[in-house]
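Some notes on the structure that comes next.
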Amino acid sequence: MIVEVDGQRVDIKHYAAIFLQSLHELGGTANTRDIATRSGLATWQVNEAYKQTEDMGLVAWYGKYDATSRGPGSDPKLYELTGSGRRVVERGVPGKVIALNQTGAKLPEQEINELKEWVARVEGKVNAAEQSEVSHRFDEFRARLDEAENVEDVQEDLANLEEYLYEWHESAETYLRAIRRALHDQGIDLTDYFESDD
C-alpha cells in the first residue's frame, strides 16, 4: 500500500506492515525475537521488514537487547518506532495492508520461493568474500529447501544458518577493525592497496 510519509510516497508491503503492527503492540520498542514470536514472522522476515521500514524512516535501530536472562546465541536487535512510524500505525495503515493480504493467502511454494530469493541475495554478498565454509552452509541449506514442502520444515535450519552468519560477520568485522587500527598505527594507508596488481 502506497502512503505518504513526511512528504514522500512509500510502499508498505505485507511483512513490513506486520512488523510495524507488532512493534506498536509491544509498546513501540521491542527486540527481534519478541517481534518474531508475536507476529509469526521468521527472523529473516523480521530483518527484511526492519530494513524496509528503516529506509522509510518508520523504525530505528535502538541497540542490542540485554541477554543476561537468555541462553546462548547472538543478541537480538532492539527496534523502536520513530514519530513517523507511530503516525503511520495510528492512521491504521498496517492493519489495512494486513487485511488486504489475508484475503489471498500465499501457497507454501511461494513462501519457499521467497526464502530462496533471500538466500540467493545473502549468499551473493558472502561469496564476494570467498569463504568456503559459508558457501558449504548455503549449499546444505539450499538442499534442504529443495526437499521442503513448506517453510516450517526448514525454520530450524534457517535459524542455525542465520546465527552462524551473524557470528561470522561479527568476527570478520572485529578482525578487520583490528587490522585497520594496526596498519594505521604503522602509518600505512590502506587506499594504496585497493588498486589491483593486474
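The values are calculated or read from the model by the stated rules, or taken from the named source; none is laboratory data. All values derive from a computational prediction rather than experimental measurement. We place every Cβ from the backbone using ideal geometry, glycine too, and count neighbours over all the protein chains shown. Please note that ligands, DNA and RNA were not included when accessible areas were found on the heavy atoms of the full protein model with its side chains. Shrake-Rupley method; radii C 1.70, N 1.55, O 1.52, S 1.80 Å.
Within segment 15-64, track down each residue that is crowded, with 17+ Cβ neighbours inside 10 Å and assigned to a loop (DSSP other than H, G, I, E, B).
26, 41, 42, 56, 58
Return a yes/no flag: does segment 133-148 have any residue that is in contact with a Pro (Cβ under 6 Å, 6 or more places away or on another chain), at pLDDT 75 or above and not assigned by the TED database to the domain that holds residue 13.
No, that holds for no residue.
Would you be able to say whether some residue in segment 99-108 is modelled with pLDDT of 75 or more and either open to solvent by 30 Å² or more (accessible area, probe 1.4 Å) or not in a helix (DSSP H, G or I) (or both)?
Yes - at least one qualifying residue is present in segment 99-108.
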